Amino acid sequence: MVAANLQPAASTAFLSGPTVLRDVTQNIVADDLLAEIAPVFHRIEGFDDAVDAAVAALSAWIAQRVPPPSELAIRANHLLALIETDPNITTLTEAAEALHVSPRTAQRVAHDYIGMSVGEIIRRSRLQRALEHARESPTEPLATIAAANGYSDHSHMAAELRTITRPTATQHRAALRATADWRCAPK
């Protein structure tokens, strides 16, 4: 299987709208791409070389199908990158200022290309940072992780996690530990 995580500007070339992908993965079956990639794995002996060739084929396939992005599509990519990388962006106004647009334009770009409001993107990014923190510090108390990531308390973070992913914070941490234990188990 070959997969690509597309930026908002490119995803519209394959989907009817950004909300189609909200909280799901979309499989796009491309027989022409499969026909090009499958033989690569049989011709190349080294796995890394085969992966590189498959990535190159996928990249070329996407480039042929995605038109040049509009200015708003590029802003959508930039908006998402700003929010994901800057934990100090916590409001629509701050996101709009960082993008050098009006709050209305930031909200329209987020809705049209990402499929959610700027506030939702900010909340999900903050939760993602908190989950990454929990993964990197498995013994640190969840209350400490919540506070370090801008939550007023552990229950606020847990409620947000439940809203988006359904499991509780404790269940999520247990799943992470089980995965880590499995990876560390002797073979």
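Observations
- Average accessible surface area per residue within segment 30-143, 1.4 Å rolling probe, Å²: 58 Å²
- Sorting 109-116, 93-100, 6-13 by their mean Cβ neighbour count within 10 Å, with the most densely packed peptide first, gives 109-116, 6-13, 93-100.
- Distance between the pseudo-spin-label points of Ala60 and Arg162 (7 Å out from Cα toward the beta carbon): 5.2 nm.
- Net length gained if the chain between Gln26 and Glu120 were fully extended (0.36 nm per residue, minus Cα distance): 31.8 nm
- Derived scalar couplings between HN and Hα for segment 117-127 equal 6, 4, x, 5, 4, 4, 4, 5, 5, 5, 5 Hz in order, rounded to whole Hz, by the Karplus curve 6.51 cos²θ - 1.76 cosθ + 1.60 (θ = phi - 60°), x for Gly and Pro.
The values are calculated or read from the model by the stated rules, or taken from the named source; none is laboratory data. The structure presented is a predicted model; accordingly, all values stated were derived computationally and were not measured. When we count neighbours, we look across all protein chains shown, and the Cβ atoms used for this are built from the backbone with ideal geometry, even at glycine. With ligands, DNA and RNA removed, areas are computed over all heavy atoms of the protein, side chains included. Shrake-Rupley method; radii C 1.70, N 1.55, O 1.52, S 1.80 Å.
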